[in-house]
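J.: This is the structure I want to talk about, given as structure tokens.
The values are calculated or read from the model by the stated rules, or taken from the named source; none is laboratory data. Here the structure is a predicted model, which means the values were calculated and not measured. When we count neighbours, we look across all protein chains shown, and the Cβ atoms used for this are built from the backbone with ideal geometry, even at glycine. Calculation scope for accessible area: heavy atoms of the full protein, side chains included, ligands and nucleic acids excluded. Shrake-Rupley method; radii C 1.70, N 1.55, O 1.52, S 1.80 Å.
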Amino acid sequence: MYYFYLCSYLLFFFSLKDRGFRFLHQATTAPMVSYYDYIIIGGGTAGCPLAATLSQASSVLLLERGGSPFNNPNITRLSAFGAALSDLSPNSPSQRFVSEDGVINARARVLGGGSSLNAGFYSRAGSEYITKAGWDAKLVNESYRWVERRVAFRPPLRQWQLAVRNSLLEIGIGPYNGYTLDHLYGTKVGGTIFDGYGRRHSSADLLHYANPDGLTVFLRAPVQKILFTTEDKSKPAANGVIFTDANGVSHWAYLRNGPKNEVIVCSGALGSPQLLMLSGLGPDKHLEAQNISVVMNIPLVGQGMSDNPMNAVFVPSPRPVEVSLIQVVGITHNGIYIEGASGENFASQYIMFFLKRISFIIFQIGQLSTTPPKQRTQEVLNRAIDAMRFLPRSAFLGGFILEKIMGPLSRGHLELRSKNPNDNPAVTFNYFEDPGDLKRCVEGIKIIERVIESRSFSRFRYNRLPVTSLLNMTANSPVNLLPKHANSSRSLEQFCRDTVTTIWHYHGGCQVDKVVDHDYKVIGVDSLRVIDGSTFDYSPGTNPQATVMMLGRYMGVKMLNERTD
């Protein structure tokens, strides 16, 4: 029996190591000029299922600015979660940015997009969200199932996650809905994109559905701009793109002649509005200030940016706990979600974000929180991170309980810093600007306190370490680059403001009815769509990745049907 399982694992492992996708190529091999029915910019969470679907009946070019996730163990292995997020190298699959609010964040630079980097939680959008979006419910369900056959799995529930589940039920966040992919009020176990071997299955795995004769994927192929024509047109029409390869050589890809052929932007909440602006679509005064020729004045490109704020409390445990990512969630009627994760590997792999910053020996590197904002340079941040690497592993036994806000209501904006598409734009999320978000955060912290103090969680906390001490340690540690306030835990409102971090659910910038219509076509421009999370007004469900993947498939099916009409 042991031999059987060993052979099965080895066969599975090596089948993952080389997907055999003969349509994957480095951009350095691309022709100088080429022609396709569809050009998709961004091989991320939406771009991959969209490309796989459209390739069934059309010629499709998919351009991804990053590399492949398949042979990178820091991406594919659950046990290495966070390593890719901590990678600061030029070819890292994760490109760090710091919002103008002072919150450290990351954007994907890899095939599969955010689904190649995230914590893997998989959950559908609620029925109300689907109705409000105006989507066809039958096709939505079919599209979710299409995605889930490749990437959704039931997670194993072990000691820490069981304690989170039982605590949520103990304090009254019910009913218990068991394991389900549906978005339901109460406590539930959600899906995961990590399989039983601890291997990640990102949206890049959905390329298994592709017609290899209809798809070409170029990696390390950042798009410089979208090309437009006005010849025999009443309004601008996208007709191609310019992209570069790893050697800096430019390549031109054009749409073939045909009324249904299109350029589709799937570059995410930062990349999509950024690329539209770089291509001349956006607020005219901002574009002119950047010396960009205006193709179309679209004032709301880059507006309405949002990020679900997250506040976490680290709970040091007197006993070892398993490595677990988000598996259990408590969904309240007030738009507050309570989740938890655990394991020592967060100390070394998830270092860039919060766990190491909120340990009970954080005072060793706590000076960053008192450094004046203008002195919080990348070098200062990196030195603090290096210091954390030498903290003893025993300091990080335990995990954290977090709350995030549905929506949110607070909105910000995005602007260009330069004309280089590889540079991060400047983005402001205005966390807690809306009083409703701040009120819900305070309610969420109170729920976290009750979870930690519950009988079900007693095995995983030190009895002599009160919750107020945990809050103080969090508030006094550098979870972000915001100024700290003395005794901020005495005011939960100030605690929320001081300890806000990201859960990587940023969205907006190209919303429906503002930049695109309900078919995701850019308003006022022909042959151009945006299909990704930048079109969302609110983040769907507990985690948006399932819905973004679904949307790629959903719109791919609709576009194929349009070709036959």
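J.: Condition first: open to solvent by less than 50 Å² (accessible area, probe 1.4 Å), assigned to a strand (DSSP E or B), modelled with pLDDT of 95 or more and not small (Gly, Ala, Ser). Can you find one or more residues in the stretch 266-280 that meet it?
T.: Checked the stretch 266-280: no residue is open to solvent by less than 50 Å² (accessible area, probe 1.4 Å), assigned to a strand (DSSP E or B), modelled with pLDDT of 95 or more and not small (Gly, Ala, Ser).
J.: If we only count helices (runs of 4 or more DSSP H) wholly inside the stretch 60-147, which ones have 2 or more residues that are touching a Phe, Trp or Tyr at 6+ places or on another chain (Cβ under 9 Å) and at pLDDT below 95?
T.: In the stretch 60-147, the matching helices (runs of 4 or more DSSP H) lie at 83-86.
J.: Looking at the structure I just gave you, is LYS419 assigned to a helix (DSSP H, G or I), loosely packed, with under 15 Cβ neighbours inside 10 Å and at pLDDT 80 or above?
T.: When the stated conditions are applied, LYS419 does not pass them.
J.: Also, quick follow-up: Mind telling me which of the residues GLY198, GLY186, GLY191 ends up being over 29 Å from ALA108 (Cβ atoms) and small (Gly, Ala, Ser)?
T.: GLY186
J.: Here's a follow-up. Residues that are open to solvent by 40 Å² or more (accessible area, probe 1.4 Å), out of contact with any helix residue (DSSP H, G or I) (no Cβ under 8 Å at 6 or more places or on another chain), more than 23 Å from VAL329 (Cα to Cα) and not in a strand (DSSP E or B): does the stretch 437-448 have at least one?
T.: No, that holds for no residue.
J.: As an exercise: evaluate ASP205 against (1) touching a strand residue (DSSP E or B) at 6+ places or on another chain (Cβ under 8 Å); (2) crowded, with 19+ Cβ neighbours inside 10 Å and give the number of the one condition it does not meet.
T.: (1)
J.: In addition: Residue pairs, Cβ under 6 Å, 6 or more apart or interchain, first in the stretch 278-293 and without any contact (Cβ under 8 Å) to a residue 24 or more places away in the chain, second open to solvent by less than 40 Å² (accessible area, probe 1.4 Å) and part of a helix (DSSP H, G or I). List them.
T.: Hits for this filter: GLY282/LEU276.
J.: Only one of LEU139, LEU168, LEU117 is open to solvent by less than 50 Å² (accessible area, probe 1.4 Å), in contact with a Pro (Cβ under 8 Å, 6 or more places away or on another chain) and touching a residue at least 24 places away in the same chain (Cβ under 8 Å); which?
T.: Exactly one of LEU139, LEU168, LEU117 is open to solvent by less than 50 Å² (accessible area, probe 1.4 Å), in contact with a Pro (Cβ under 8 Å, 6 or more places away or on another chain) and touching a residue at least 24 places away in the same chain (Cβ under 8 Å), namely LEU117.
J.: Residues that are more than 30 Å from ILE75 (Cα to Cα), at least 3 per element: which strands (runs of 3 or more DSSP E) completely within the stretch 163-263 meet that?
T.: 223-229, 237-244, 250-255
J.: If I ask for residues that are in a loop (DSSP other than H, G, I, E, B) and touching a Ser or Thr at 6+ places or on another chain (Cβ under 6 Å), which ones from the stretch 450-469 would you list?
T.: Within the stretch 450-469, SER454 is the sole residue that qualifies.
J.: Sort through ASP205, ASP245, ASP284 and tell me the only one that's under 19 Å from ASN422 (Cα atoms), at pLDDT 95 or above and acidic (Asp, Glu).
T.: Exactly one of ASP205, ASP245, ASP284 is under 19 Å from ASN422 (Cα atoms), at pLDDT 95 or above and acidic (Asp, Glu), namely ASP245.
J.: Moving to a separate point now. Among the residues of the stretch 542-553, write down those that are outside any helix (DSSP H, G or I) and either open to solvent by less than 10 Å² (accessible area, probe 1.4 Å) or of a type in the set (S, T, N, Q) (or both).
T.: THR542, ASN543
J.: Also, quick follow-up: Do we have PRO31 as at pLDDT 95 or above and part of a loop (DSSP other than H, G, I, E, B) here?
T.: yes
J.: If you scan the stretch 470-490, which residues turn out to be assigned to a helix (DSSP H, G or I) and under 31 Å from the mean Cα position of the chain (by Cα)?
T.: LEU470, LEU471, ASN472, MET473, THR474, ALA475, SER488, SER489
J.: Sort through VAL530, VAL512 and tell me the only one that's at pLDDT 95 or above, touching a helix residue (DSSP H, G or I) at 6+ places or on another chain (Cβ under 8 Å), open to solvent by 10 Å² or more (accessible area, probe 1.4 Å) and of a type outside the set (Asp, Glu).
T.: VAL512
J.: Return only the number of the condition from (1) touching a Leu at 6+ places or on another chain (Cβ under 7 Å); (2) over 25 Å from LEU62 (Cβ atoms) that LYS225 does not satisfy.
T.: It is condition (2) that LYS225 fails.
J.: Mind telling me which of the residues PRO483, PRO478 ends up being farther than 24 Å from ASN543 by Cα and open to solvent by less than 40 Å² (accessible area, probe 1.4 Å)?
T.: Going through PRO483, PRO478 in turn, just one is farther than 24 Å from ASN543 by Cα and open to solvent by less than 40 Å² (accessible area, probe 1.4 Å): PRO478.
J.: Give all pairs with beta carbons closer than 6 Å in which a residue from the stretch 26-41 that is farther than 24 Å from GLY268 by Cβ and in contact (Cβ under 8 Å) with a residue 40 or more places away in the chain meets a residue that is basic (Lys, Arg) and surrounded by fewer than 15 Cβ atoms within 10 Å (Cβ to Cβ); count only pairs at least 6 apart in sequence or on separate chains.
T.: TYR35/ARG256
J.: Identify, by number, the condition in (1) on the phi < 0 side of the Ramachandran plot; (2) in a loop (DSSP other than H, G, I, E, B); (3) at pLDDT below 95 that ALA312 doesn't meet.
T.: Against the list (1) on the phi < 0 side of the Ramachandran plot; (2) in a loop (DSSP other than H, G, I, E, B); (3) at pLDDT below 95, ALA312 comes up short only on (2).
J.: Do we have any residue at all in the stretch 286-301 that's open to solvent by less than 40 Å² (accessible area, probe 1.4 Å) and part of a strand (DSSP E or B)?
T.: No, the stretch 286-301 contains no residue that is open to solvent by less than 40 Å² (accessible area, probe 1.4 Å) and part of a strand (DSSP E or B).
J.: For the stretch 152-170, state whether one or more residues are under 29 Å from ARG553 (Cβ atoms) and of a type in the set (Asp, Glu).
T.: no
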